[in-house]
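Here the structure comes first, spelled out in structure tokens, and everything after it is commentary.
The values are calculated or read from the model by the stated rules, or taken from the named source; none is laboratory data. Only a predicted model underlies this, so the values are computations on that prediction, with no experimental measurement involved. Because the Cβ atoms are built from the backbone with ideal geometry, glycine has one as well, and the counts that use them run over all protein chains shown. Please note that ligands, DNA and RNA were not included when accessible areas were found on the heavy atoms of the full protein model with its side chains. Shrake-Rupley method; radii C 1.70, N 1.55, O 1.52, S 1.80 Å.
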Amino acid sequence: MSATAIGLVVLALCLWYAGSATRLVQLVFIAGVFDAAAGLIVGGFGMPPALLPALMLVGLVSTQYLAGRRSIAEGPALHLMAPLLICFAYAAVTAVLLPETFAGRIIVWPQKFADIEPQPVPIAPGQGNLNQVAYLAANVALALATALAAGRAGTAWRSIVKAYLFSGYLVMVLVAWDLASRTIGLPFPTSIIYSNPGWSIVEQNIGGLPRLQGPFPEPSALAFYLAGLAVACMGLCLRGHRVMRPDLLLVMACLATFLSTSTTGIAALVVGLPAQLILAALAGRGAAVRRMIGVLAVPGTLALVLLAGLLILRPELLDVIAEVVGMTLDKTDSDSFTERSLMNTVAWNAFLSSGGLGVGWGSTRASSILPGLLAGGGIVGLFTAIWFTLRLMRLIRRARTVAEPGNPAAIAVDCFGAALAGQLLAAAFSAPVITTPIFFVQLGVVGAAAIRILIDAASRQRQRQPLGRQAAPAVANEPPPMLQITGR
């Protein structure tokens, strides 16, 4: 076992903040952007840097529970996370049983392949199933631990949002650095940023324009992160939160998405950002939409002026831009699109051949989340995912209904609720499965923030009731108001 440079820094910070759940959550957001790096290398396997604070957070919450420290959000959090726990249980059992049951009878797309040209192969039990289940276990535990820890009183919600936005600015710096390295030869710390032996990093270009990936293993991974970041910034602006200039970060995220030339990222922004404005207008928040347009006017105009000046100085860039746009529009004719379509077809066929059971978590690879989820988790996986999503949406809606102006947890709901929507939209276009710890920490934070709002509202309601009425629930053997927030 050996530690990398990033791993040593992250490990030192984890030990320094070992007793603070908030700090560990912040570290997950910051370390999580180094997706192509390794924190620790064990037997040729690279552990992502974000897993270090994630495991530390799970360990902290577990230790606190063993010491008798409970969370007031325990009941609502377990109620919220129940579908994910059921999904994990089914995935863990079927990952062991189904590959053996269907061995040689169902065709799958391998997670890893030895040949240059990957091809579908008959399913066979392997270590890949256990590895993927281990990732799922860590992520589900992380979401639950985050919800339990953040659901306690005194959580610094604004600081958590700041850490997420700071990680976004950090990605922008690394993307700009990547661009400078690929165009003018500025030295880039490749050995540090791309230190995970599990990734084969290849520089990609479209014509004369490099496809940027920043600290991520490929442009599509960068675009997946930026889709969540951009939608989160839009959500913060629409809700009137002024924290670390989300308007500026939104413009930068859109520009970085274009430089990645990822069709997934561009499609997610083209669909997601206008949809946010339309939904806000339909909800009667026309003033927020107008404010959003006004907020983006200055940085948007500045970006256009800078782009126009660059095109005047370098008119040949027009040809490059036209080439990028043309190749993006013609992506359906590319070899990459053909291969991804084949991966999805193989996943769909595997799901149907299994009779709806799935072929075991980690047995096959897909290009989009729906066929990947069905092939790996079957009908149970899809049902629990939809169940959890609807339960979370209902919780957020109820929290926004009762939240008082200025509630400190509202900023986390607005930021991370939008970020999750953006990432799920990108995954619907092209992402086989979501394994990044950032996503699952966001699940825990937004769930805890919504629960905290409802707990505070129930507490205020009890305080406003006359003394005689406060005692009534106990006489009638009714559950206290706090527990009623988990009602169906």
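Within the range 283-294, is there a residue that is open to solvent by 70 Å² or more (accessible area, probe 1.4 Å), of a type outside the set (Gly, Ala, Ser), farther than 22 Å from Leu222 by Cα and at pLDDT below 75? Looking through the range 283-294, none of the residues is open to solvent by 70 Å² or more (accessible area, probe 1.4 Å), of a type outside the set (Gly, Ala, Ser), farther than 22 Å from Leu222 by Cα and at pLDDT below 75. Of all the residues in the range 123-137, those that are at pLDDT 85 or above, of a type outside the set (Val, Ile, Thr) and open to solvent by less than 30 Å² (accessible area, probe 1.4 Å) number 1. Taking the numbered list (1) buried (at least 21 other Cβ atoms within 10 Å of the Cβ); (2) out of contact with any Cys (no Cβ under 9 Å at 6 or more places or on another chain) in turn, Gly75 passes all entries but (1).
In the range 189-210, the qualifying residues are those that are touching a helix residue (DSSP H, G or I) at 6+ places or on another chain (Cβ under 6 Å) and more than 27 Å from Met1 (Cβ to Cβ), and the one that is surrounded by the fewest Cβ atoms within 10 Å (Cβ to Cβ) is Gly208. The set of residues in the range 355-384 being at pLDDT 85 or above and either open to solvent by 70 Å² or more (accessible area, probe 1.4 Å) or farther than 17 Å from Pro110 by Cα (or both) consists of Gly355, Gly356, Leu357, Leu370, Gly378, Ile379, Val380, Gly381, Leu382, Phe383, Thr384.
Residue pairs whose Cβ atoms lie under 7 Å apart, sitting 6 or more positions apart in sequence or on different chains, and linking a residue in the range 343-362 that is of a type in the set (A, V, I, L, M, F, W, C) to a partner that is open to solvent by 30 Å² or more (accessible area, probe 1.4 Å), are Met343/Arg365; Val346/Ile107; Val346/Pro120; Ala350/Ile107; Trp361/Gln132. Taking the range 150-171 as the range and being over 23 Å from Ala38 (Cβ atoms), assigned to a helix (DSSP H, G or I) and open to solvent by less than 40 Å² (accessible area, probe 1.4 Å) as the test, the residues that pass are Ala150, Trp157, Ile160, Val161, Leu165.
The single condition from (1) among the small types (Gly, Ala, Ser); (2) under 17 Å from the mean Cα position of the chain (by Cα); (3) at pLDDT below 90 that Ala280 fails is (2).
Taking every residue in the range 373-401 that is farther than 23 Å from Thr94 by Cβ and pairing it with any residue that is small (Gly, Ala, Ser) and in a helix (DSSP H, G or I), at least 6 positions away or on another chain, the pairs with Cβ-Cβ distances below 7 Å are Leu392/Gly447; Leu395/Gly447; Leu395/Ala450; Ile396/Gly417; Ile396/Ala450; Ala399/Ala450. The range 12-124 holds helices (runs of 4 or more DSSP H) entirely within its bounds, and those carrying 1 or more residues that are farther than 21 Å from Trp157 by Cβ and among the hydrophobic types (A, V, I, L, M, F, W, C) map to 51-66, 74-101. For the range 413-459, filtering for residues that are at pLDDT below 85 and polar (S, T, N, Q) leaves 3.
Before we move on, is Val25 closer than 30 Å to Ser459 by Cβ and of a type in the set (A, V, I, L, M, F, W, C)? It is true that Val25 is closer than 30 Å to Ser459 by Cβ and of a type in the set (A, V, I, L, M, F, W, C).
The one condition from (1) buried (at least 24 other Cβ atoms within 10 Å of the Cβ); (2) on the phi < 0 side of the Ramachandran plot; (3) in contact with a helix residue (DSSP H, G or I) (Cβ under 6 Å, 6 or more places away or on another chain) that Gly214 does not meet is (2).
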